[in-house]
Amino acid sequence: MPSAARLVKKEVFAQKIFDMLDKYDAGFIVHADNVSSKQFMDIRRGIRDTSAVLMGKNTMVRRAFRVYAEKNNKPFWAELSKLLVGNVGIVFTTAPLADIKEEIAKYKVGAPAKAGSIAPVDVI
C-alpha cells in the first residue's frame with residue numbers, strides 16, 4: 001500500500017491536470033524522444049504566455065484523464081488517454097495550434113545518429 005505522502009503527491013498532480021483541462025481549450029500530443037532538458041526549458045519559456053507542457057507518468061496522466069472525463073461527462077478525455085503511450089507529453093494552449101507548433105519547431109536541433117535508433121528520414 002502506498003504511503004500517505006505519496007498518495008497526496010498523486011492527488012496534487014491530478015488536481016494540476018484537472019486545472020489544465022479546465023483552463024486550456026486545445027492541445028496536442030508531442031513525442032519527446034531525444035529531447036534535452038535544455039530544449040524543454042527553452043520551449044516552456046517560449047510558449048509560457050499562452051500554453052503549458054505536461055510531462056509525467058503516463059499511468060498517472062491516464063488515470064487523471066479518466067477521472068476528469070467521468071466527473072465532467074466528457075468522454076473525449078478518456079479516449080485521448082489511450083493515445084498516451086511511450087515518451088509523450090501534452091501541450092495545452094489557448095493560442096492557435098499552428099502558432100504553437102511553429103514556436104516549438106524553433107527549438108528543434110540536429111543530433112548525431114545513435115546506434116540502434118531509427119532515422120525519421122532516409123539517410124544517404
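Worth pointing out:
- The numbered conditions (1) closer than 23 Å to VAL12 by Cα; (2) within 13 Å of the chain's Cα centre (by Cα); (3) surrounded by 13 or more Cβ atoms within 10 Å (Cβ to Cβ); (4) at pLDDT 85 or above are all true for LYS57 except (3).
- Tally of residues being closer than 16 Å to ARG62 by Cβ and either assigned to a helix (DSSP H, G or I) or acidic (Asp, Glu) (or both) across region 16-51: 5
- Scan of region 14-38 for residues that are modelled with pLDDT under 90, more than 15 Å from LEU80 (Cβ to Cβ) and open to solvent by less than 60 Å² (accessible area, probe 1.4 Å), ordered by number: ALA32, VAL35, SER36
- Condition met for SER117 (farther than 28 Å from GLN15 by Cβ and either open to solvent by less than 60 Å² (accessible area, probe 1.4 Å) or touching a helix residue (DSSP H, G or I) at 6+ places or on another chain (Cβ under 8 Å) (or both)): no
- Within region 62-111, being of a type in the set (Phe, Trp, Tyr), in a helix (DSSP H, G or I) and touching a residue at least 12 places away in the same chain (Cβ under 8 Å) holds for PHE65, TYR68, TRP77.
- Residue satisfying condition, being closer than 22 Å to ASN87 by Cβ, open to solvent by 50 Å² or more (accessible area, probe 1.4 Å), in contact with a Leu (Cβ under 6 Å, 6 or more places away or on another chain) and among the charged types (D, E, K, R), within set ARG45, ARG62: ARG62
- Of the residues making up region 69-120, those that are under 15 Å from the mean Cα position of the chain (by Cα), within 16 Å of HIS31 (Cα to Cα) and among the hydrophobic types (A, V, I, L, M, F, W, C) number 11.
- Of the candidates SER81, SER51, the single residue that is of a type outside the set (Lys, Arg), closer than 25 Å to ILE104 by Cα, touching a Lys or Arg at 6+ places or on another chain (Cβ under 6 Å) and open to solvent by less than 90 Å² (accessible area, probe 1.4 Å) is SER81.
The values are calculated or read from the model by the stated rules, or taken from the named source; none is laboratory data. Please read these numbers as outputs of a predicted model, since none were measured by experiment. We place every Cβ from the backbone using ideal geometry, glycine too, and count neighbours over all the protein chains shown. All accessible areas refer to the heavy atoms of the entire protein, side chains included, with ligands and DNA or RNA removed. Shrake-Rupley method; radii C 1.70, N 1.55, O 1.52, S 1.80 Å.
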